[in-house]
Amino acid sequence: MAAALGAALVGSAVIAAPATAATAASPPPGTPDLGPNVTVFSADQPIEQIQSTLDTLADQQRDAEMSAARHAVYFLPGTYGTAEHPLQFEVGYYTEVAGLGASPGDVVINGAVEVYNRCLGDGGTSNCLALVNFWRTLSNLTIHVDKTGQDGCRASANFWAVSQAVSMRRLDISGANVSLMDYCSAGPQYASGGYIADSKLPYTVSGSQQQWLTRNSDVSAGWSNGVWNQVFSGVVGAPSDETFPAVPYTTVAQTPVSREKPYLYVDGGRWYVRAPSVQKESSGVSWANGMTPGRSIPLSDFYLAKPGDSVRRINTAVALGKHLIFTPGVYDIDKTLLIWRPNTVVLGLGHATLTATGGATPMAVLDVPGVIVAGVTFDAGEKLSPTLLKVGLTSNLNLSSRASKGNPITLNDVYFRVGGPHIGKVTTALEVNADNVLIDHIWVWRADHGDEGFTNGVNGDTDRWATNTGTNGVVVNGADVTATGLFVEHFQTYNTLWNGERGRVILYQNELPYDPPTQADWTQPNGTLGFPGYKVGDKVRNHELDGGGVYVFNQNDPSILTANGFEVPARPGVKLHHIMTVNLSAGTVQHVVNGTGTQADASTSGTPQYIVDYSG
């Protein structure tokens, strides 16, 4: 069912969360200063103390959708939870939970790590859904699911009911099913998208999840359900896609290019960041035969940034050869952070957020090989920024294309937001000019709801259209760019415009903007009705997409028409596999791609219009 239907009902609460989680003890000896919003546990701490700390944090963050709170929770190597007292806790907004082992098996949780629906009606007892369960991370753990003490339905699975900007990475889960929806609360129980990588899973229930990407993992224990498009890439035990769309699975046997996200780990009391190597044509988890291949960088080689640090100070650290860690918090960025040294790692902890101020571009990456940007959120400010992240300074200045083929600039779990907690303005959120870039799970969101003072409802968001502005979500000018997990929503012209040659995309999810006031506001200069959710440039000769969806919910004016969900050059080298459009109760997309495919309108609301294969 429609993500939009639930999102339109969501009121955004401002939560005045404290700067730090309630901690019951000092950090273990040897813990570096990662800022006040990081909690580090050791296995010798009393389990009751750990449980209390995690419960307090979950209570703070459960409804903190538009807050400035950011948190990271780390577990040193060891085992947490027992048969008598399993460790069971929820993960709230802007919270990262991770083990600090070199491999997932070094940190074991006996218990459950979960996300439930938010219940928005009748004092928190009805209208329960996961459509806005954004911004949380779980990684580098072994979880033996133990639901002892939980009654009835809650004891039936480890629930991970989430939507965009949520990742599960480097997990080994056993003992009970994993459910990607929460079926225990009073409906509608919708969920809308997520991401799993480098994980070994038990039997997994996708349930109401509309779209999902699972990459380089093992689901041999089984996978059930799928609403519109469940995509598997390099996954051992992935279900067959031979009966698509009757069964809405898309399976790519091997991931063409991948690089796992960098992660913190502790060995012999020393702290490191592991930067994994690039893999080509791969499948399965990276840690099956030991430590994930890559390089270990001592934490002492990183500049540990904290909110309030000046751009000049951070840029100086990069110039002196430091890698960067952004500790949890919100950073006001008034000039561009320039990442120009090859192989620099930029790692955000706890959904660290860089907010543009004064119309700045918060970060630019020079076209040099091996730069990794991971775990960072970019937030538009109230003055128009040209971009929020620019990768490669111009499309005419590709300096290192040859060197970067085997060592690409990589983005892992990088998120973009325009509006929501405050007014935001940007021309293009992400601009990629460099060649051979790897985009591994991003969400680029022009907010459809928030605390900017606008109202939801028919004819209620015309102010948002004029004030909360985002022209393009993603523009790719570089050649040989690969994207695994590309989620882009609600921008005012092209959500994604792909001009580079030989682009490769595995899972694309898009909602067109809810809020064009009139058809005239949603018509191209050449008279074409609306803008496609996915546009491949007219000059491109080779491009490939596996698993794509464009959704329409023209909330302000349901009579608005969009000619095509996808628009691509009609050439044999441009291939789209398993694509669809769907109406979410308002608005019309007349064709799936290039005048081909049946219309998605109110008469087919909630029913996708599929094309199995398209090529010019």
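Since every read-out is calculated from the coordinates, none of them should be taken as a lab result. It should be emphasised that the depicted structure is a prediction, and the values quoted were computed from it without experimental measurement. So basically every Cβ, Gly included, is an ideal-geometry build from the backbone, and we count neighbours across all protein chains shown.
Against the 2.2 N^0.38 Å scaling, with N counting residues, where does the chain land? I'd like the Cα-based Rg ratio to two decimal places.
Normalised Cα radius of gyration, the chain: 0.89.
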Study note, to complete from the structure: Between Asp146 and residues 5 or more places away or on another chain, the pairs with built amide H atoms under 5 Å apart involve Gly111, Ala112
Practice item. Evaluate 2.2 N^0.38 Å with N set to the residue count of region 231-299, then give the Cα radius of gyration divided by it. Key: 1.47
Point to revise | Hull-based mean projected area of region 445-545, where the convex hull spans the alpha carbons, in square nanometres | key: 6.9 nm²
Revision key, fill the gap. Here the convex hull volume per residue of region 524-588, taken over Cα atoms and given in Å³, is 80 Å³
Study note, to complete from the structure: Checking rank on 250-261, 228-239, 266-277, with mean other Cβ inside 10 Å and highest first, the result is 228-239, 250-261, 266-277
Revision key, fill the gap. Looks like region 91-152, by Cα gyration tensor root eigenvalues a ≥ b ≥ c and the a/c under 1.5 rounded cutoff (else prolate when a/b is bigger than b/c, oblate otherwise), is oblate
Exercise for review: For a quick protection proxy, order the peptides 361-373, 308-320 by their average other-Cβ count within 10 Å, most packed first.
Suggested key: 361-373, 308-320
Check your understanding: Out of Pro569, Val178, Gln211, whose Cα points farthest toward the positive end of the dipole of the chain (charges: +1 Lys, Arg; -1 Asp, Glu; placed on Cβ)?
Key -> Pro569
Check your understanding: Scattering from the C-alpha atoms of region 3-253 alone, worked out with Debye: what is log10 I(q)/I(0) at q = 0.07 1/Å?
Key -> -0.23
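Give the peptides 143-155, 484-496 in descending order of average Cβ contacts within 10 Å, highest first.
Details: 143-155: 15.7, 484-496: 25.2.
Averaged packing, sorted descending, gives the order 484-496, 143-155.
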Review point. On full extension of the chain, what length is gained from Asn289 through Asp538, given 0.36 nm per residue of separation minus the C-alpha to C-alpha distance?
Key: 85.2 nm
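Counting only helical runs of four or more DSSP H residues, what would the 222 nm mean residue ellipticity of the chain come to if each run contributes -39,500 (n - 2.57) and the total is spread over all its residues?
-1500 deg cm²/dmol
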Revision key, fill the gap. Taking the convex hull of the alpha-carbon atoms of region 304-615 and averaging its shadow over every direction gives an area in square nanometres of 14.9 nm²
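To the nearest 20 debye, what is the magnitude of the charge dipole of the chain about its Cα centre, counting +1 on the Cβ of each Lys and Arg and -1 on the Cβ of each Asp and Glu? Please list the in-between numbers first.
Working: 37 positive and 53 negative charges, 350 e Å.
Here the chain has a charge dipole of around 1680 debye.
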Check your understanding: So which lysines can Lys535 reach, going by Cα to Cα under 26 Å and dropping same-chain residues fewer than 8 places off?
Key -> Lys390, Lys405, Lys425, Lys575
**Study point:** Cα-centred dipole magnitude for region 3-253, charges only on beta-carbon of K, R (+1) and D, E (-1), debye, nearest 20
**Key:** 420 debye
Study note, to complete from the structure: Per-residue Cβ contact counts at 10 Å, fewest first, order Glu65, Glu281 as Glu281, Glu65
